Amino acid sequence: MQKRDAIFLEDLCPKLRARHWRKSLHAFTGKSCIYCGKNSESIDHILPRSQGGQTITENCVPACLSCNGLKSNTEAFYWYRQQQFYDPRRAMAIRAWMDGDLSLALRLIKWANPSLITTSFDSANKTIDNWNLQAA
Ligand SMILES: [Zn+2]
């Protein structure tokens with residue numbers, strides 16, 4: 001299948017596009033929860049949807065089900081600081097992520113967890129840029 005066909009298909013089918021987008025977010029952090037570093041099984045809205053948080057890359061981070069569920073509708077940084085696994089480098093990574101500086105976010109995540117195997121910067125950035133461009 002041609003790449004252009006894939007994009008065309010995703011235009012027709014927003015669900016497929018959303019799935020690709022979520023996958024690229026997980027790949028970016030090496031399928032690890034941005035808060036605690038465990039396996040990421042869900043996408044968490046930093047600012048909850050109930051509080052007007054949008055489903056965009058800057059507001060959506062890979063999270064494990066436990067963090068996603070525990071955080072619920074609490075303000076992300078307030079909640080995070082109270083956790084035993086709180087790591088200031090990860091908090092900075094989340095800030096950078098919200099600012100749209102994903103390469104800085106990735107550097108901070110890797111600093112917090114050097115053994116992490118993530119998608120390389122360039123390819124992850126490119127994927128996410130592509131999705132952002134298409135979403136715009
Ligand atoms: Zn977690």
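The values are calculated or read from the model by the stated rules, or taken from the named source; none is laboratory data. These numbers were taken from a predicted model, which means no experiment stands behind them. Positions of Cβ are generated from backbone atoms using ideal geometry, with glycine treated the same way; all protein chains shown enter the neighbour counts.
Of the residues making up region 39-71, just one is more than 16 Å from the ligand (Cβ to nearest atom), assigned to a helix (DSSP H, G or I) and free of Cβ contacts under 8 Å to residues at least 12 places away in the same chain, namely ARG49. Checking each residue in region 55-75 for being within 13 Å of CYS36 (Cα to Cα) and touching a helix residue (DSSP H, G or I) at 6+ places or on another chain (Cβ under 8 Å) picks out VAL61, PRO62, ALA63, LEU70, LYS71.
Within region 72-89, the set of residues being touching a residue at least 12 places away in the same chain (Cβ under 8 Å) and within 16 Å of the ligand (Cβ to nearest atom) comprises SER72, ALA76, PHE77, TYR80, GLN83, PHE85, ASP87, ARG89.
Might you let me know whether region 60-82 holds any residue that is at pLDDT below 95 and among the charged types (D, E, K, R)? Looking for residues that are at pLDDT below 95 and among the charged types (D, E, K, R), one finds at least one in region 60-82, hence yes. For region 86-135, the helices (runs of 4 or more DSSP H) that sit wholly inside it and include 3 or more residues that are modelled with pLDDT of 65 or more are 88-98, 102-112. Of the numbered criteria (1) crowded, with 16+ Cβ neighbours inside 10 Å; (2) at pLDDT 95 or above; (3) in a loop (DSSP other than H, G, I, E, B), the one GLY30 fails is (2).
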